[in-house]
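Colleague: There's a structure below that I have some questions on.
The values are calculated or read from the model by the stated rules, or taken from the named source; none is laboratory data. What you see is a predicted model, and the numbers here were worked out from it, not measured in a lab. Because the Cβ atoms are built from the backbone with ideal geometry, glycine has one as well, and the counts that use them run over all protein chains shown. The accessibility values were calculated without ligands, DNA or RNA, using every heavy atom of the protein model including side chains. Shrake-Rupley method; radii C 1.70, N 1.55, O 1.52, S 1.80 Å.
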Amino acid sequence: MSTLEIRGLEVAVVTEKGPIEILRGVDLTVRSGETHAIMGPNGSGKSTLAYSIAGHPKYTITGGTVTLDGANVLDMKVDERAKAGLFLAMQYPVEVPGVSVSNFLRTAATALRGEAPKLRTWVGEVKAAMNALNMDPAFSERNVNEGFSGGEKKRHEIMQLELLKPKIAILDETDSGLDVDALRIVSEGVNRAKEVNNLGIVLITHYTRILRYIRPDFVHVFANGRVVEEGGPELADKLEEHGYAEYVGS
Amino acid sequence: MASTLMTNYLVPSGREEAWRFTPLARLAGLHDGSSQRGTRKSLFLKSAQQAGVTATRVDRALVPSAAPSEDVVVQRVHAEAEDVFSVSISANVSLSEPVYLARLQEKSQGSELSSVRIELGTNAHAVIIMENVGKSILGEDVEITLGAGSTLKFITLQEWDEGSVHAARHHAILNRDSTFQSITVSVGGSLVRLLPTVEFAGPGTSAELLGVYFATAGQHLEHRIHVEHGVPNAKSRVNYKGALAGNEAHTVWIGDVHIRAAAEGTDTYELNRNLLLSDGARADSVPNLEIETGEIIGAGHASTTGRFDDEQLFYLMSRGIPMDGARRLVVRGFFAEIITQIGDEQIEDRLMARIDGELAKAGH
Ligand SMILES: Nc1ncnc2c1ncn2[C@@H]1O[C@H](COP(=O)(O)OP(=O)(O)O)[C@@H](O)[C@H]1O
Ligand SMILES: [Mg+2]
């Protein structure tokens with residue numbers, strides 16, 4: 001049982017013109033087995049929240065705390081956060097030229113598990129994970145995210161989620177750019193990870209579409225760098241009908 | 001005899017365009033004749049004998065160079081090398097195994113001037129590997145002639161120990177319909193200065209010059225490419241990738257491509273990319289395209305020098321890979337595009353391990 005606790009998180013991004021304040025006091029608690037949907041318009045700071053928790057160097061934490069089971073996440077290096085059990089499925093996964101998916105996955109699994117996984121069982125593990133997401137086995141010899149279609153990138157992220165078995169995962173617009181079939185396949189992957197590992201999920205999206213496949217326990221509306229309304233799944237239906245207008249105008 | 005010849009050389013001062021990047025004081029006298037000449041002939045055939053291949057030493061007077069050079073080290077090699085190491089591949093022979101040439105280094109015994117001649121007969125197909133290891137002061141000229149319709153993959157590995165000095169020309173003359181690919185790897189040595197040059201002597205020819213280099217503290221690695229498009233319908237591609245880490249690590253890449261008026265239908269592109277892994281290192285990169293005819297298919301060049309991509313490192317680290325492992329992956333990946341073209345797993349693994357080692361030396 002794990003708990004990710006975000007309290008009063010304030011984050012700025014440093015630009016040439018000086019720092020710009022983006023997150024203005026975010027509170028959120030995510031426990032194992034819970035699914036939290038974070039919904040908000042473009043530019044409201046959803047990705048900033050995701051990156052800040054994962055430790056992207058571009059963002060400066062100017063206030064607040066983030067802890068995982070009491071441990072100070074903000075003090076950890078990026079890889080240490082992953083080892084502590086955090087995972088970020090990125091909105092725009094990064095190309096790493098010349099590094100094959102199989103090499104990447106094995107290096108990551110070795111780092112997270114503290115020893116290289118046994119080759120025989122590992123190959124089977126990867127095959128099963130790819131199979132479950134309808135991915136061509138030849139995929140593992142391609143370079144990480146290089147020339148991947150939007151859908152392939154997202155499947156690759158969820159494949160990592162299943163293989164690396166984090167405690168809490170943040171999924172940043174995993175649904176964007178997916179057609180109906182891909183959305184279903186990717187959602188099933190997320191649901192498996194939740195079932196098998198009792199994963200806690202932060203599901204960032206601005207469409208309600210994915211919530212038909214991944215049922216949220218809580219919905220948080222995000223605008224102007226903070227949570228402006230919270231509720232159960234019914235809040236998503238309200239957003240579907242009325243949009244974000246009432247939250248952004250202010 | 002040597003002293004009379006010496007008076008004919010124009011010893012560079014360092015101000016010449018061709019020498020302006022080179023620290024002459026570190027050339028160990030290869031350019032001005034002041035180096036203490038040894039007597040060894042280090043090059044030998046490491047692979048087994050194969051039908052259709054001869055590798056012998058012949059008298060210099062019997063095989064005059066077909067390609068004079070303005071480079072003073074090459075001139076010295078032509079005039080003063082003890083003999084010529086000559087490799088020929090018979091016409092219509094397709095070798096199933098690479099011809100592996102290596103330099104056997106004993107203790108430092110003074111400098112060596114070495115002349116190498118490689119000749120491929122009509123429609124011959126071969127892979128030739130030249131391995132340079134150990135400690136050496138070497139002036140070298142490798143002159144390669146590709147017969148009509150022949151193909152050659154020419155791999156040179158500069159895996160020198162620290163302190164080695166190597167100045168060389170690798171000159172390829174391509175006759176009609178021949179295809180040349182070179183892969184130049186420079187990772188060791190104190191000063192390495194290579195002149196990979198290509199001369200198209202017939203139409204339908206194509207050359208691909210690939211290279212990787214990795215300079216760490218105090219190393220000077222220089223590659224001066226020259227591709228001479230003097231005939232119609234020839235194609236050239238140049239792609240060199242380098243990494244630098246450590247104080248006073250210096251690399252120089254010059255890419256001269258000349259398209260003469262007669263060279264209609266030329267198709268050329270050259271690319272140099274450098275990865276600057278620390279402060280105090282310097283990568284000079286100078287692509288230079290001279291075009292005397294508009295009737296070409298294409299001509300372009302690009303040169304980039306960048307640092308580690310934070311986004312790539314972040315992505316890898318967010319999966320639990322520590323910083324040093326992430327850097328290793330990125331650098332290996334950067335070089336993989338070219339190293340994997342070698343096509344020999346043992347050599348590729350050895351080079352990747354060496355690259356890991358160079359990175360570790362630089363504290364990454
Ligand atoms: N490097 C940056 N320079 C300037 N503004 C930035 C930078 N990065 C993010 N922002 C701004 O921060 C805000 C939040 O961005 P983001 O977290 O990506 O929003 P979301 O994911 O909700 O669409 C946006 O207004 C965006 O323009
Ligand atoms: Mg976003």
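Colleague: Would you mind checking which residues have amide H under 5 Å from residue B:239's amide H? H placed 1.01 Å from N; only 5 or more apart, or other chain.
Modeller: Amide H neighbours of residue B:239, under 5 Å, 5+ apart: B:209, B:210, B:211, B:271.
Colleague: For the interface of B with A, what's the total buried accessible surface in square angstrom, probe 1.4 angstrom, rounded to the nearest hundred?
Modeller: 1900 Å²
Colleague: Same structure again: Can you give me the relative contact order of chain B as a percent, contacts being Cα pairs under 8 Å and 6 or more apart?
Modeller: 10 percent
Colleague: For the pairs B:135/B:361; B:153/B:241; A:46/A:127; A:46/A:194; A:127/A:154, note any where the Cα-Cα span goes beyond 27 Å.
Modeller: Violating the 27 Å Cα-Cα cut-off are A:46/A:127.
Colleague: Tell me the mean residue ellipticity at 222 nm calculated for chain A from its helices only (DSSP H runs of n ≥ 4, each -39500 (n - 2.57), averaged over every residue, nearest 500).
Modeller: -11000 deg cm²/dmol
Colleague: Taking H as built 1.01 Å from N, whose amide H comes closer than 5 Å to the amide H of residue B:101, not counting residues under 5 places away?
Modeller: Amide H neighbours of residue B:101: B:46, B:129, B:130, B:131.
Colleague: GluC sites (Glu not before Pro), restricted to segment B:51-88: which are DSSP loop and have at most 10 other Cβ atoms within 10 Å?
Modeller: B:70
Colleague: Could you work out, residue by residue across B:215-226, how many beta carbons of other chains sit within 10 Å of that residue's beta carbon, and then give the average as an integer?
Modeller: The per-residue average across the peptide is 0.
Colleague: Something else about it: Can you grab the distance from the C-alpha centre of segment B:272-318 to the C-alpha centre of segment A:1-70, Å, no decimals?
Modeller: Centre-to-centre (Cα) distance: 36 Å.
Colleague: Mind listing which trypsin sites (Lys or Arg not before Pro) in segment B:292-347 are in a DSSP loop and have 16 or fewer other Cβ atoms within 10 Å?
Modeller: The qualifying sites are B:307.
Colleague: Residue-wise, which Karplus ³J(HN,Hα) couplings in Hz belong to segment B:307-324, taking 6.51 cos²θ - 1.76 cosθ + 1.60, θ = phi - 60°, and x for glycine or proline?
Modeller: Residue by residue, segment B:307-324 yields 9, 3, 7, 4, 5, 5, 4, 4, 4, 5, 5, 5, 9, x, 7, x, 3, 5 Hz.
Colleague: Additional query: Given +1 on the Cβ of Lys and Arg, -1 on the Cβ of Asp and Glu, and no further charges, what dipole in debye does segment B:27-77 carry about its Cα centre, rounded to the nearest 20?
Modeller: Values: 7 positive and 4 negative charges, 69 e Å.
Dipole size: approximately 340 debye.
Colleague: Loop only per DSSP, at most 14 neighbouring Cβ atoms within 10 Å: give me the GluC sites (Glu not before Pro) in segment A:83-145, ordered by residue number.
Modeller: A:115
Colleague: Would you tell me the mean number of C-beta atoms belonging to other protein chains that fall within 10 Å of each C-beta in B:323-334, as a whole number?
Modeller: 4
Colleague: Still on this structure, please answer the following. Amide H of residue B:134 versus every other amide H placed in the peptide plane: which residues, excluding those fewer than 5 positions away on the same chain, fall under 5 Å?
Modeller: Excluding prolines and chain starts, which carry no amide H, the hits are B:161.
Colleague: While we're looking at this one, here's another question. Rounded, prolate or oblate: which one fits the protein assembly as shown, using the alpha carbon gyration tensor with axes a ≥ b ≥ c (rounded when a/c is under 1.5, else prolate when a/b beats b/c, else oblate)?
Modeller: Because a/c hits 1.5 or more and a/b exceeds b/c, the protein assembly as shown counts as prolate.
Colleague: Here's something else I'd like to know. Can you run phi through the Karplus equation (6.51, -1.76, 1.60; θ = phi - 60°) for segment B:148-156 and list ³J(HN,Hα) in whole Hz, with x for Gly and Pro?
Modeller: Going residue by residue, I get 3, x, 8, 10, 9, 10, 10, 10, 10 Hz, with x marking Gly and Pro.
Colleague: Add +1 for every Lys or Arg and -1 for every Asp or Glu among the other residues with Cβ under 13 Å from the Cβ of residue B:217, and state the total. Don't skip to the end; give the middle numbers.
Modeller: Numbers: positive: B:282, B:361; negative: B:162, B:248, B:279, B:358.
Residues near residue B:217 contribute -2 overall.
Colleague: Rounded, prolate or oblate for chain B? Axes are the square roots of the Cα gyration tensor eigenvalues, ordered a ≥ b ≥ c, and the cut-off for rounded is a/c under 1.5.
Modeller: Details: a/c = 1.41, a/b = 1.20, b/c = 1.17.
Note, shape of chain B comes out rounded.
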